[in-house]
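So the structure is just underneath, and the comments pick up after that.
The values are calculated or read from the model by the stated rules, or taken from the named source; none is laboratory data. Quick caveat: nothing in here was measured; it's all calculated off a predicted structure. Cβ atoms come from the backbone with ideal geometry, glycine included; neighbour counts cover every protein chain shown.
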């Protein structure tokens with residue numbers, strides 16, 4: 001049976017994972033793309049490069065993100081859908097977002113340093129998706 005997740009369960013799932021599928025819509029086109037993220041309890045933080053998703057998000061800041069987890073051993077799964085707003089970050093806010101991303105990956109890869117961009121590469125676009133609404137479902141077997 002499919003069960004609804006309570007907000008604390010959704011928050012746990014969002015903190016445990018690092019890949020989300022980000023959906024945006026602009027200019028009559030819908031685009032869904034995987035992104036690496038970190039979650040602080042209020043927003044998903046992402047660092048990316050200039051491109052299609054950033055252009056679309058700048059045009060229309062309404063965002064949907066989906067995060068899921070599947071257990072091969074049991075067939076159990078959890079998923080969450082987040083509806084929110086794109087906010088591009090700069091300065092101290094961007095540095096905080098990058099620090100959250102480093103922390104999220106350090107938990108998953110203890111002892112390994114995050115990769116640094118090669119010299120001369122443009123700085124990343126750092127943004128957050130401020131959570132307006134979050135829903136989740138699960139099947140526990």
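Residue-by-condition table, conditions (1) modelled with pLDDT under 80; (2) closer than 15 Å to residue 16 by Cβ:
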residue	(1), (2)
100	no, yes
111	yes, no
117	yes, no
132	no, no
139	no, no
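Filter region 88-104 for residues that are closer than 15 Å to residue 36 by Cβ and touching a strand residue (DSSP E or B) at 6+ places or on another chain (Cβ under 8 Å); which is surrounded by the fewest Cβ atoms within 10 Å (Cβ to Cβ)?
Filtering first and then ranking leaves 103.
Just wondering, is there one or more residues in region 64-73 that are within 11 Å of the chain's Cα centre (by Cα) and part of a loop (DSSP other than H, G, I, E, B)?
Looking through region 64-73, none of the residues is within 11 Å of the chain's Cα centre (by Cα) and part of a loop (DSSP other than H, G, I, E, B).
Looking at this structure, is residue 132 part of a strand (DSSP E or B), in contact with a strand residue (DSSP E or B) (Cβ under 7 Å, 6 or more places away or on another chain) and surrounded by fewer than 12 Cβ atoms within 10 Å (Cβ to Cβ)?
When the stated conditions are applied, residue 132 passes them.
How about region 1-29: which of its residues are over 19 Å from residue 132 (Cβ atoms) and loosely packed, with under 15 Cβ neighbours inside 10 Å?
Hits for region 1-29 are 1, 2, 3, 16, 19, 27, 28, 29.
Could you grab me the full set of residues in region 63-77 that are more than 19 Å from residue 2 (Cβ to Cβ) and surrounded by 13 or more Cβ atoms within 10 Å (Cβ to Cβ)?
The answer is 63, 64, 65.
Scan region 14-63 for residues that are touching a residue at least 24 places away in the same chain (Cβ under 8 Å), closer than 23 Å to residue 90 by Cα and part of a loop (DSSP other than H, G, I, E, B) and report the count.
Looking only at that region, the number is 9.
Can you spot a residue in region 86-106 that is out of contact with any helix residue (DSSP H, G or I) (no Cβ under 6 Å at 6 or more places or on another chain), in contact (Cβ under 8 Å) with a residue 12 or more places away in the chain and under 25 Å from residue 139 (Cβ atoms)?
Checked against the condition, which is being out of contact with any helix residue (DSSP H, G or I) (no Cβ under 6 Å at 6 or more places or on another chain), in contact (Cβ under 8 Å) with a residue 12 or more places away in the chain and under 25 Å from residue 139 (Cβ atoms), region 86-106 yields no hits at all.
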